[in-house]
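Asks: This is the structure I have questions about; it appears just below.
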Amino acid sequence: MANSLMNTGISGLNAAQNMLNVISNNISNAHTKGYNRQQQVLSQANGTQHSFGFVGNGVAVSSVNRAFNHFVVGQLRQSQSQNGAIKTYYNELSKVDNLLAENDNSVSSQLNNLFASLNKLASNAGDASTKQTVISDLTSLTSQFNKTEKNLKNQIANINTELNTNVDKVNAYVQQIAELNQKISKLQTVDGGNEPNALLDQRDQLVNDLSEIIGITVTEQNGQYNLSLENGLNLVQGSCANILTVQPSADDPALNTIIYTHPSGATQELTSQNITSGSLNGLLTFRDGPLTESRNQLGLIALNLAERFNEVHMSGVDIHGNQGEKLFDYNKPSCITNTKNQGNATAKIEFTSVTEVKASDYKIEFDGNNWVVTRLSDHKQITPQIEEGKLIFDGLSIEINGNAMAGDSFMIKPVADIASSLQLLVKDVNKLATGINDDENGAGDNRNVAKLLAIQNEKLVNGTTTLKSAYTTLVSYIGSKTQTAKISAQSTKNITQQIYEQNQSISGVNIEEEYISMQVYMQYYQANAKVIDAATTLFDTILGLTK
């Protein structure tokens, strides 16, 4: 009897000690990132049968489990991934908004200054100081176009770097998760299915960190996590990790792209359509959307400005009666040959009508019989006119020479580099063509200045918008996008915080609650110690009877 009582007391003492260890571990890790509160599960030990019935043999420790809710954690990961995407998108977009915002140095202000000085020159075409002001304003406007577009191009370079950095993190995470899958599986097998809680916490934290960078789907199979992208491409399968790479895009080597390698060895470029959330989605969505749109809109304004000013200036004469020269020069439309092309075809692009040119890049692809043209700003497939073997569309003429193979393609960028390449050619005040060459003293009059001044009210961009209005529209477009992104970023942040707090209420450590539990189990420990004392007293009494 005393022996049975002793064993029962010891079982309670062990349970109390184990529970105090668990509580102590919870308190120690109260501020450890990714730690899930642990709980000891107790069960009644099997009883001993007697003639009068079963007598209990104390308590047994069944397991030590994590306080973990898969559903809530899944919601948290999804929300973190969406928050990572919109936060990154908003941060990048804010830079463009600040860059384009109207201020004393903006393109809009420089246009105002130029037309103001032309207005003064119209009143006194022979005044050398006013002419110099016009040249200075033209120089400042050109410089502002250059600086603005170069800053936009610098963002592309920064995004290329960010893609590399983030993909390196993704690869590190998926490799560690695959390794933990293997360790967890082995330990569960060796330890009879008991959970290695510390390793499970590590793995879950890595998955959480990964979800902020790239949108993933998590499935559990035999205790192992399998991770895949939203479109089903595997990143982790058991103990195997699929590593992503970053390479220059085949369409445009100036842009880095993320490459997924299939088990067969075939590669696939991942876009924002494949990576639907996470900071990588934010970077790709921004680069392929507002950033590209801003470059093209700015380039289209610069193109129309340069062409119209050239046209009017060349129609006049300077103070010496010489024909006006081109005011501006800029790069021709660019054509990028896809690095995977099998044929030897080349493409030559020219402007046919500047007012018909769109703020867009284009992809032209050979289907084996014809060239298919896709306007990338609206992803609309357009049917070009064919004139003397040339493709004519949207104010462009494309002449293709050589032999193309099915699948060969070109990336056409009509206006992307116009603003950064814009140059002012006339810097001598005496070469400003202020007059018109006719019988009315053209060399010294101001009639051509009046024509230059009238450009401010001409609907040049797409034949519907003035230069100033086009820039204002661009600023408004970016401002609206930025404001919408700001609201979305705050909303997703709040939602993520709410789900995080819900998860913490389940899995987080409350030190006050743990302290109360510790007091309870200390009393439990002391009570079981009293049981052992009683068993010892009984045992000593029995021994005393034998003397």
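The values are calculated or read from the model by the stated rules, or taken from the named source; none is laboratory data. A quick note: this is a predicted structure, and the numbers were derived from the prediction, not measured. Glycine gets a Cβ as well: all are built from the backbone with ideal geometry, and neighbour counts include every protein chain shown. Accessible surface is based on the protein model in full, side chains and every heavy atom, while ligands, DNA and RNA are left aside. Shrake-Rupley method; radii C 1.70, N 1.55, O 1.52, S 1.80 Å.
Asks: Of the conditions (1) of a type outside the set (A, V, I, L, M); (2) touching a Ser or Thr at 6+ places or on another chain (Cβ under 8 Å); (3) in contact (Cβ under 8 Å) with a residue 40 or more places away in the chain, residue 381 fails just one. Which one is it?
Replies: (3)
Asks: If you take the residues of the range 223-280 that are in a strand (DSSP E or B), of a type in the set (Ser, Thr, Tyr) and within 29 Å of residue 364 (Cβ to Cβ), which of them is nearest to the chain's Cα centre (by Cα)?
Replies: Checking each candidate, the answer is 257.
Asks: Taking the range 234-261, which residues are closer than 21 Å to residue 182 by Cβ and of a type in the set (A, V, I, L, M, F, W, C)?
Replies: 235, 236, 240, 241, 243, 244
Asks: Can you tell me which of (1) of a type in the set (A, V, I, L, M, F, W, C); (2) over 20 Å from residue 287 (Cα atoms); (3) touching a Ser or Thr at 6+ places or on another chain (Cβ under 8 Å) is the one residue 118 doesn't meet?
Replies: The number of the failed condition is (3).
Asks: Moving on to the next point. Are there any pairs with C-beta distances below 8 angstrom linking a residue in the range 55-76 that is among the charged types (D, E, K, R) to a residue that is surrounded by 16 or more Cβ atoms within 10 Å (Cβ to Cβ) and modelled with pLDDT under 85, with the two at least 6 apart or on different chains, and if so which?
Replies: Within 8 Å, the pairs are 66/195.
Asks: Scan the range 309-362 for residues that are within 30 Å of residue 437 (Cα to Cα), surrounded by 16 or more Cβ atoms within 10 Å (Cβ to Cβ) and of a type in the set (Gly, Ala, Ser) and jot them down.
Replies: 316, 324
Asks: Could you grab me the full set of residues in the range 384-403 that are within 17 Å of residue 414 (Cβ to Cβ), without any contact (Cβ under 8 Å) to a residue 40 or more places away in the chain and out of contact with any helix residue (DSSP H, G or I) (no Cβ under 7 Å at 6 or more places or on another chain)?
Replies: 384, 385, 390, 391, 393, listed by residue number.
Asks: Pick from the range 1-34 the residues that are open to solvent by 30 Å² or more (accessible area, probe 1.4 Å) and in a loop (DSSP other than H, G, I, E, B): which of them is farthest from residue 210 (Cα to Cα)?
Replies: Checked the range 1-34; the qualifying residue farthest from residue 210 (Cα to Cα) is 1.
Asks: Out of the range 220-251, which residues are of a type outside the set (Phe, Trp, Tyr), open to solvent by less than 20 Å² (accessible area, probe 1.4 Å) and more than 23 Å from residue 265 (Cα to Cα)?
Replies: Result: 223, single match.
Asks: If a residue must be open to solvent by 40 Å² or more (accessible area, probe 1.4 Å) and either in contact (Cβ under 8 Å) with a residue 12 or more places away in the chain or of a type in the set (Gly, Ala, Ser) (or both), how many such residues does the range 201-219 contain?
Replies: Matching residues across the range 201-219 total 4.
Asks: Go through the range 374-412 residue by residue and tally those that are surrounded by 11 or more Cβ atoms within 10 Å (Cβ to Cβ), within 27 Å of the chain's Cα centre (by Cα) and assigned to a loop (DSSP other than H, G, I, E, B).
Replies: 2
Asks: If you scan the range 181-222, which residues turn out to be modelled with pLDDT of 95 or more, in a helix (DSSP H, G or I) and of a type in the set (A, V, I, L, M, F, W, C)?
Replies: Residues satisfying the conditions are 206, 207, 210, 213.
Asks: Then there is this: Does residue 105 meet the test of being in a helix (DSSP H, G or I) and either open to solvent by 40 Å² or more (accessible area, probe 1.4 Å) or touching an Asp or Glu at 6+ places or on another chain (Cβ under 6 Å) (or both)?
Replies: Spelling it out, it is not the case that residue 105 is in a helix (DSSP H, G or I) and either open to solvent by 40 Å² or more (accessible area, probe 1.4 Å) or touching an Asp or Glu at 6+ places or on another chain (Cβ under 6 Å) (or both).
Asks: Among the residues that make up the range 482-501, is at least one of them over 30 Å from residue 254 (Cα atoms), touching a Leu at 6+ places or on another chain (Cβ under 6 Å) and aliphatic (A, V, I, L, M)?
Replies: Checking the range 482-501: at least one residue is over 30 Å from residue 254 (Cα atoms), touching a Leu at 6+ places or on another chain (Cβ under 6 Å) and aliphatic (A, V, I, L, M).
Asks: Going through the range 454-488 one residue at a time, which ones are touching a residue at least 60 places away in the same chain (Cβ under 8 Å) and open to solvent by less than 30 Å² (accessible area, probe 1.4 Å)?
Replies: Answer for the range 454-488, where residues must be touching a residue at least 60 places away in the same chain (Cβ under 8 Å) and open to solvent by less than 30 Å² (accessible area, probe 1.4 Å): 455, 460, 461, 467, 470, 471, 474, 475, 478, 479, 482, 485.
Asks: Hey, another quick one. Filter the range 325-335 for residues that are farther than 23 Å from residue 369 by Cβ and outside any loop (DSSP other than H, G, I, E, B) and give the result.
Replies: Hits for the range 325-335 are 328, 329, 334.
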